[in-house]
Structure formats: C-alpha cells, structure tokens
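Here is the structure we will look at.
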Number of protein chains: 6
Amino acid sequence: MAETSGFTHFDAAGRAVMVDVSDKAETERLATARGRVVMKAETLALIQAGQMGKGDVLGVARLAGIMAAKRTPDLIPLCHPLALTKVTVDLTCLPEDNAVEIEATAKLKGRTGVEMEALTAVSVAALTLYDMCKAVDKGMVIADIRLIAKDGGKSGPYRAETP
Amino acid sequence: MAETSGFTHFDAAGRAVMVDVSDKAETERLATARGRVVMKAETLALIQAGQMGKGDVLGVARLAGIMAAKRTPDLIPLCHPLALTKVTVDLTCLPEDNAVEIEATAKLKGRTGVEMEALTAVSVAALTLYDMCKAVDKGMVIADIRLIAKDGGKSGPYRAETP
Amino acid sequence: MAETSGFTHFDAAGRAVMVDVSDKAETERLATARGRVVMKAETLALIQAGQMGKGDVLGVARLAGIMAAKRTPDLIPLCHPLALTKVTVDLTCLPEDNAVEIEATAKLKGRTGVEMEALTAVSVAALTLYDMCKAVDKGMVIADIRLIAKDGGKSGPYRAETP
Amino acid sequence: MAETSGFTHFDAAGRAVMVDVSDKAETERLATARGRVVMKAETLALIQAGQMGKGDVLGVARLAGIMAAKRTPDLIPLCHPLALTKVTVDLTCLPEDNAVEIEATAKLKGRTGVEMEALTAVSVAALTLYDMCKAVDKGMVIADIRLIAKDGGKSGPYRAETP
Amino acid sequence: MAETSGFTHFDAAGRAVMVDVSDKAETERLATARGRVVMKAETLALIQAGQMGKGDVLGVARLAGIMAAKRTPDLIPLCHPLALTKVTVDLTCLPEDNAVEIEATAKLKGRTGVEMEALTAVSVAALTLYDMCKAVDKGMVIADIRLIAKDGGKSGPYRAETP
Amino acid sequence: MAETSGFTHFDAAGRAVMVDVSDKAETERLATARGRVVMKAETLALIQAGQMGKGDVLGVARLAGIMAAKRTPDLIPLCHPLALTKVTVDLTCLPEDNAVEIEATAKLKGRTGVEMEALTAVSVAALTLYDMCKAVDKGMVIADIRLIAKDGGKSGPYRAETP
C-alpha cells in the first residue's frame with residue numbers, strides 16, 4: 001500500500017490534493033462509460049413516442065450530458081481542468097428492460113485520463129432524463145453507472161469485465 | 001395523455017420549455033434521494049481506514065455533493081434556479097454490501113420541488129467517491145439513485161415504495 | 001439629467017454599482033426579446049431539412065438559449081441574480097427572408113426586470129445556431145436583437161414601436 | 001451533402017456531438033468578429049460624456065466581453081473548452097450612425113477555431129452596453145454581429161465580403 | 001458549547017452541512033467588509049495616474065469584486081445561494097499608507113446574512129488589483145480583510161471594534 | 001515606463017486587454033502563495049479540537065481553496081484560462097499567533113504564470129475558514145496574503161524578501 005492509503009488524491013499526511021500530472025506524457029486518452037435509467041413501461045413508451053418528433057427527451061438529455069462533461073472539473077473537487085477534444089453521448093431505448101441506456105465517450109490529448117468526464121456525462125444525462133419524465137414517473141431509478149473502457153496513459157487499457 | 005406527451009417540459013408543439021411556476025405557491029419543499037457506490041471489499045476497507053483520520057474520502061464526497069446541489073440549474077437544462085435553504089449529504093459504509101450508501105436532502109421555501117437538487121447531490125457525491133478511489137478500483141458501480149421522499153407542493157407527499 | 005449621467009448603474013461619482021432594488025415591490029415581471037440570424041438560402045434549407053428528424057439545429061439552439069437565460073447574472077456584470085420562474089425560446093424559419101427568427105420570453109416574481117434574461121437567451125440561441133451551421137456558411141449575420149415587450153415594475157409596460 | 005446534413009455537429013444519425021478534434025494540428029488560430037448597438041443620439045451622447053471620466057459604459061462592456069469569451073464553452077453546447085491566449089474587445093462611438101461599434105479578437109494555439117469566442121465577446125459586450133443604458137433607451141438594437149476574419153486551421157483564412 | 005463544536009456548519013456527528021435557514025425570517029440583511037492592498041509608492045503612483053483616464057486599474061477591480069459577490073455560493077462550500085439586491089465596491093488610494101483600501105457592501109431581503117458576499121467582493125477586488133499590477137510589483141500584500149458591520153437577522157447588529 | 005502605464009493589462013490607449021501569450025514558451029510554471037486568518041484563541045482551540053475527528057474546518061477550507069484555483073479565470077477578469085497540473089493547499093494552526101496559516105501551490109505546463117491561481121486558492125480557503133467560524137468569532141481578520149515564490153517563465157524565479 002503506497003503512501004498513507006493507496007488513494008492517489010491524498011498526500012502522506014492524508015490531506016486532499018490535486019495530484020501533480022506535470023510529468024505525465026501528453027498522450028491520447030479515451031474513456032467510455034455507461035449507465036441506465038429504469039422506468040415504467042408507459043414512461044418508456046412516452047419517450048419513444050416523443051422521438052417521433054414532438055418532445056425529444058433523449059435529445060435534451062444528450063445535450064445536457066455533453067455540456068456536463070465540460071463542467072467536470074467544476075463539480076469533482078480534485079479533477080484537473082482539461083481541454084476535451086471530443087464528447088459523445090448516446091441514449092438507446094431498451095423496451096425489453098423498461099430502460100434507457102446511456103453511453104458516453106470522452107477524448108483528450110493530455111496528461112490525465114478522462115474517465116470522470118465520461119461518467120459525469122452519463123450521470124447528468126440520466127438526471128436530465130429523470131427531470132424531463134418525473135411528472136409521469138417519480139419511481140425511475142438511475143442504475144449501473146460504470147466505466148466500460150479506458151485507453152491511453154501509463155496504466156494502459158482497461159476493459160470492464162461485464163460491459 | 002395531456003398536452004402532446006404527458007411531459008411537462010414540452011409545450012404543445014413538443015418544444016422544450018422551462019415551465020411557468022409563477023403562479024405556484026411559495027411553500028416549504030423537501031426532497032430526499034438515495035444511491036450507492038458498490039466496490040471491492042478491499043476498497044471499502046481503505047475508505048473506512050481513511051475515516052480514522054488520514055484520507056477522508058467521505059468528507060470530500062459530502063462536500064462535493066452539497067456544492068453540486070447548488071449547481072443543479074446550471075447542469076439540468078430545464079430546472080429553475082432556486083434559493084435552497086438547506087442541503088445535507090450523508091455517506092455510510094455498508095460492509096455487508098461492499099457499498100457506500102449516499103443520502104441527500106434538499107429544502108426550499110419556493111415555487112418548485114427540489115428532487116433534482118437532492119438527486120444531483122447524490123450523483124456528484126458518488127462520482128467524487130469514484131474519482132477518489134479509481135486508482136485502486138476501476139470497477140466500482142454507481143447504483144440505485146432514486147427519489148425516496150418528497151414533500152410540499154400541489155402534488156402532495158411522495159414516498160418510494162421500496163426506500 | 002439625473003445623477004451624474006442618467007445611467008442607473010453608476011453612482012454620483014461615476015462608479016459602477018449593482019443598484020439597490022431592496023425597496024422595489026416583488027411583482028410579476030415579464031419580458032420578450034426578438035432577433036434573427038440571416039443566412040444563405042441553402043443554409044436555411046439544410047436547417048429545415050434537419051427539423052424532419054436528423055440534426056435538429058433549432059432544438060439545440062433553443063436549449064442553449066434557455067440555459068443562458070439562467071446564466072445572465074454571471075455574464076452581465078451589474079445584473080442582479082434572479083430566480084426566473086419561466087423561460088421559453090422559439091425559433092422560426094423564415095424562408096422569404098433567408099433567416100431564422102428567435103423569440104425569448106422570461107418571467108419572474110421579483111424586484112427587478114427580466115429584459116436582460118430575454119435578450120441573453122436570444123443572443124446565445126443565435127450564437128449556437130451560428131456555431132452549428134458555420135461549417136457551411138461563415139457569412140451568417142446575427143441581427144436585430146431588441147426588446148419587444150416588458151411588463152411589471154414601477155416603469156410600467158413597454159412595447160417596441162416596430163416589433 | 002456530406003454526412004446527414006452538411007453540419008459537422010451531428011453524427012450520421014443526426015445526433016448532436018462535440019466533434020473530434022484530436023487529430024487536428026495545434027496551430028495558431030485567430031478570429032475577429034464585429035457588431036454594433038444602435039441607439040438614440042441622446043443615448044450615445046451620454047455614453048460619450050461618460051468617457052470623460054464618470055460612468056464608463058464602454059469600459060464595463062469591454063470587460064464583460066473579455067470575460068464572456070472565456071465562458072464560451074459553458075454557453076455554446078458543442079464548443080470545445082479552449083485555453084485562449086489573447087482576447088481584446090474594442091468599442092468605438094460612431095456619432096454619424098448613432099451606434100457603438102464593437103470588435104473582438106480571440107487567439108489560441110490549439111486544435112480548433114476561435115470564431116465562437118470572438119462572436120460571444122461581441123454579443124456579451126453588446127448586451128452589457130444595453131443593460132447599462134436601458135434606463136434611458138429601451139429601444140436600442142443589437143445588430144450586424146458577424147465574423148470578419150479567421151486565420152489558422154485546415155480550412156485556411158476567411159475574410160468577410162463586407163467587413 | 002452547543003452541538004459538537006460551537007460551529008454551525010457541522011451536525012452533531014461533525015459532518016459538514018449547509019444549515020437549514022427555512023425558518024428564519026425574510027428580513028433586510030446588510031454587510032460591509034473592508035481590506036487593503038499594500039504596495040510600493042511607485043505602484044500606487046501608477047494606479048493613480050491611470051485614474052486620469054488611461055488604464056483604470058480600480059475600475060476593473062471594482063467590477064471584478066461586484067461580479068464575485070454573485071459567485072459566493074459557487075466558491076464557499078456551505079454558503080446558501082442568495083438573490084442579492086445590491087452590491088457596491090469602492091477603492092480608495094491612500095498615499096500616506098502606500099495602499100489601496102477596498103470597501104464592499106452587500107444587501108439582501110432574505111433568510112441569511114451577506115457577510116460572505118461582502119468579504120468575497122473585497123477579496124476578489126484585491127486579487128484583481130494584484131493581477132493588474134503584478135508586472136511592476138510582485139511584493140504587494142493583501143491585508144486586513146475583515147467584517148466592518150452587519151445588520152439584520154436574529155443575532156442583531158455587529159460593528160467591528162476597530163473599523 | 002513601457003506603454004502607457006507600465007501595466008501589462010492595458011493597451012497603448014489604456015484599455016483593458018487579456019494580453020497575448022501565444023508566443024510565450026510552454027514551460028513549467030510554479031507559484032506558491034501564503035496568507036493567514038487571525039482569530040481569538042478560543043476559536044483556534046475549537047478548530048484544533050475539530051481536527052480530532054468532528055468538524056474538520058481545515059479540510060473544508062482546503063478543498064474550497066483547491067476548487068477555487070480552478071475558477072481563477074472566471075473570477076479575475078484578465079487571467080488566461082489554464083490547464084493546471086497540480087494544486088495543493090495546506091493549513092497550519094499557529095497557537096502562538098492565534099492564527100491559521102494557509103499556503104497554496106499551483107503548477108502548470110503552459111504559457112503564463114500561476115501566481116493568481118495560488119493567491120486565489122489562499123484567499124478562498126481563508127474566506128471559507130471565516131465562513132465556518134463566523135458564528136463564534138466575527139472579528140477574524142484575513143491577513144498577509146502574498147506571493148512567496150514563482151518559477152518558470154521569461155522573468156525568471158521570484159522569491160519574497162520576507163516569506
């Protein structure tokens with residue numbers, strides 16, 4: 001167990017720090033995260049109906065997720081400010097699961113990974129979807145937000161065991 | 001199906017709007033949300049060790065959650081800006097579940113509910129916890145973010161069926 | 001010429017101030033602003049084609065306008081922070097003018113007017129539209145942003161001479 | 001018509017994306033935008049009087065424009081976050097036109113253009129000018145906001161036909 | 001010693017909270033803070049020369065202070081979001097002390113005090129002044145930032161012993 | 001005296017600008033700032049007691065300081081947006097001085113110095129400490145905020161005469 005705790009965001013005395021990444025190489029970093037919002041069948045049907053043209057819930061959630069990725073360093077205390085080079089957020093209706101699946105990818109040429117940006121995009125897209133639909137379904141659940149894949153950086157590629 | 005869709009955040013033509021709450025009464029609004037971060041047993045043990053004094057992961061996540069509640073209207077496109085009167089975020093280690101449970105409560109004297117503020121606080125506290133621990137456990141999952149209780153406003157009290 | 005200058009945002013010595021509105025009544029305030037983006041006929045045709053389902057430029061611009069209304073006090077130095085109760089942004093294609101017209105309305109129960117919120121919503125919706133279309137038409141012009149109507153407050157209703 | 005629409009901010013399915021600029025070269029990018037605020041002759045006279053020392057409307061608007069350029073990625077949903085290396089905003093009184101002309105220039109060593117930063121600086125300077133003067137002239141019009149020049153990047157230099 | 005600590009921002013278990021102000025009365029709250037930036041005589045002379053028309057350091061610092069007062073809840077973790085009704089920032093050159101004195105006043109009709117808003121305005125005005133002058137004087141010191149007066153609220157008026 | 005004033009943040013006409021750093025080299029920049037909050041002995045004793053586990057004032061202030069360093073370009077009008085690579089904030093109780101000393105260090109590989117980021121971190125940590133303790137001691141004073149050391153960049157290393 002290196003340092004005090006094994007956690008990189010604390011110094012030897014256990015104090016929170018934004019860790020020094022000055023000496024890391026500027027490489028291409030990529031991360032993909034995924035999550036879902038589980039809801040009533042009727043709610044999902046309403047969302048799908050909206051995709052036909054009136055009331056595009058998924059479009060609003062996608063945009064909120066993209067914008068939130070850019071706010072990550074404002075929200076997550078010890079995240080470094082980053083110049084993201086790409087963000088995508090995709091939302092897919094899964095009628096068999098009564099769920100909307102959300103996947104976000106973030107990309108950077110820089111000194112630190114972009115997992116938090118991808119995870120934040122998924123989270124805020126999910127929150128926005130909840131906000132848009134809460135008048136008809138307060139019991140929706142935001143679930144299974146997790147890192148799916150990560151590339152670039154010293155620690156090498158990561159793939160979730162069960163994507 | 002009222003309006004186009006049953007969703008309040010769209011007008012009759014299906015266009016996104018921030019709905020008019022001018023005529024709603026200024027009453028006391030309260031909302032509680034809950035969620036959890038599921039992790040390896042070793043990760044949870046490290047977090048618990050940190051609570052003894054060095055490396056307070058939960059303290060950082062709590063603060064991030066409280067601050068995020070205040071940023072909700074910046075993040076969720078159609079949320080109204082609100083003057084929150086109280087925010088609390090509690091994190092509890094659940095060794096039997098290999099999880100940290102997060103509960104947030106938001107309060108307001110105002111014209112609109114504070115569910116989104118409570119849910120945003122839980123989400124950002126969970127993301128911060130992920131950020132602090134990701135060097136030792138990239139497989140953590142943010143799960144079961146949901147509204148537990150809501151009071152005040154025209155629609156009356158709400159309690160989740162399975163809190 | 002009252003005070004130094006006739007301008008309310010300066011004190012008697014000509015120094016910028018956020019004026020004191022504590023003694024103003026909390027009344028319903030409403031403001032509507034309008035503007036347009038003038039472009040090539042081909043660009044407008046592309047936007048209209050996108051409305052059929054793929055590439056909803058107007059939907060993105062509408063959302064950006066609504067969100068920007070909430071950021072007005074962050075952008076305009078001497079604007080008061082406000083708890084807006086409603087924001088709408090509408091964009092209409094005007095093929096005869098090779099333009100998209102943008103209209104925004106903001107509403108508040110409060111102590112100060114919401115003209116700046118409506119004007120900011122129009123401006124940022126226009127900028128977003130420019131951003132989305134600039135790869136095909138760099139010569140677009142953002143034009144005629146102006147206050148159309150204002151209600152509430154001591155100074156009484158205002159209507160633009162040529163709406 | 002490349003892709004779905006010719007618009008770069010949508011993917012093949014018509015979904016909004018922050019486009020991938022990772023592979024673009026880090027070159028010097030420069031953009032200049034211009035616009036104007038048209039007003040009553042008396043309003044312009046008051047602004048000019050203020051420049052003599054008391055009530056510096058143009059100084060406040062200039063600063064608001066510079067600060068807004070930095071907020072561009074927060075405002076424009078699909079803009080990349082950028083590390084601007086220079087921003088200037090100039091405001092000039094044009095008594096013959098009863099207008100204040102605003103010109104902004106933004107500069108970057110980076111992977112994407114800075115048109116939106118220059119246009120946002122002009123827009124927010126114009127809105128600030130409106131805010132400062134609206135007590136004496138609600139009929140002011142923000143007009144002719146456009147890109148004047150753009151240099152750097154793959155698409156080469158751009159000059160407006162009628163600057 | 002009430003509660004755990006005498007500090008209101010912690011609950012009985014010592015966890016940080018944004019305290020509940022829902023039951024406080026909406027009264028007029030006023031706070032004034034003061035501070036100074038101490039510098040070389042030459043630096044102060046340059047600032048004073050700028051006030052004659054070219055290079056208005058104090059005007060930029062004043063505006064930054066006013067804008068920062070509005071950002072207080074974004075910066076100070078446990079501060080409530082507030083709808084400030086007035087902010088003023090004054091900067092005075094004190095040649096006898098080789099200093100610029102900064103005084104800020106914030107006002108609110110609301111449920112919580114505005115000390116932090118006044119203190120934040122002074123601090124950011126001081127930082128801005130440092131930024132503007134650091135090329136000629138890196139040894140400037142920001143000093144004596146303190147609350148001068150506070151009115152409104154349950155705890156009654158406060159006056160600093162040595163204003 | 002170069003230019004109008006010797007101040008780099010004004011152009012030859014005395015207008016505020018964000019100076020052009022495009023041609024500066026991307027080197028490692030480091031800055032350390034320091035300040036203190038002076039208080040009653042009883043207040044300091046309460047803070048120290050909290051460090052034992054309940055009510056961690058210094059932990060909250062440290063986090064607020066780190067987060068504020070990232071907000072520097074939002075707060076200081078003419079600061080460039082930067083991708084900080086490291087931020088640390090340390091707070092030390094000095095019982096002999098009835099004070100808490102705050103030291104912040106900021107680091108960057110970039111084109112401009114990070115003094116303002118370090119000074120802003122100290123200032124906001126100090127303000128947060130004030131906020132946490134103001135219920136027991138309104139007379140606290142934020143004092144002696146100054147640059148201690150600066151490395152990197154064309155102007156070479158700087159060390160305060162009396163650190």
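Brief remarks follow.
- Nearest-0.05 FRET efficiency for D:ALA12 and B:GLN51, computed from C-beta distance (R0 41 Å): 0.25
- Flagged links, alpha-carbon separation over 24 Å, of A:LYS86/B:LYS70; F:LYS86/F:LYS150; C:LYS107/E:LYS150; E:LYS24/F:LYS70; B:LYS134/D:LYS70; D:LYS24/F:LYS107: A:LYS86/B:LYS70; C:LYS107/E:LYS150; E:LYS24/F:LYS70; B:LYS134/D:LYS70; D:LYS24/F:LYS107
- Restricting the trypsin sites (Lys or Arg not before Pro) of the range A:94-163 to loop positions (DSSP other than H, G, I, E, B) with no more than 14 neighbouring Cβ atoms within 10 Å leaves A:LYS154.
- Over the range E:33-159, Cα pairs under 8 Å with separation of 6+ residues give a relative contact order of 38 percent.
- Residue order for F:GLU117, A:GLU96, B:GLU28, D:GLU101 - accessible surface, 1.4 angstrom probe, largest first: A:GLU96, B:GLU28, D:GLU101, F:GLU117
- Approximating the spin labels as points 7 Å out from Cα along Cα→Cβ, the D:GLU42-to-E:ALA160 distance works out to 4.3 nm.
- From phi via Karplus (6.51, -1.76, 1.60), per-residue ³J(HN,Hα) for the range E:95-109 in Hz, x at Gly/Pro: x, 5, 9, 6, 8, 10, 9, 10, 10, 10, 10, 10, 9, 7, 9
- Packing rank of E:126-133, E:71-78, where each peptide gets the mean count of other beta carbons within 10 Å, highest leading: E:126-133, E:71-78
- Three-way shape label, the range D:49-163, alpha-carbon gyration tensor, a/c 1.5: prolate
- Taking the square roots of five times each eigenvalue of the Cα gyration tensor of the protein assembly as shown, the equivalent ellipsoid has semi-axes of 36, 36, 28 Å, listed largest first.
- Using a 1.4 angstrom probe on protein heavy atoms only, the contact between D and C buries about 4500 square angstrom of accessible area, both sides summed.
- Here the contact order of the range D:34-105, divided by its residue count and restricted to Cα pairs under 8 Å and six or more residues apart, works out to 43 percent.
- On the rotation that sends chain D to chain B, the chain D Cβ lying closest to the axis gives residue and distance in whole Å as D:ASP74, 4.
- Along the range C:119-136 the Karplus relation, 6.51 cos²θ - 1.76 cosθ + 1.60 evaluated at θ = phi - 60°, assigns HN-Hα couplings of 5, 5, 4, 4, 4, 6, 4, 5, 4, 5, 4, 4, 4, 5, 10, 5, 5, 9 Hz to successive residues, with x for each Gly and Pro.
The values are calculated or read from the model by the stated rules, or taken from the named source; none is laboratory data. This structure is a prediction, so every number in the text was calculated from the model and none was measured. So basically every Cβ, Gly included, is an ideal-geometry build from the backbone, and we count neighbours across all protein chains shown. With ligands, DNA and RNA removed, areas are computed over all heavy atoms of the protein, side chains included. Shrake-Rupley method; radii C 1.70, N 1.55, O 1.52, S 1.80 Å.
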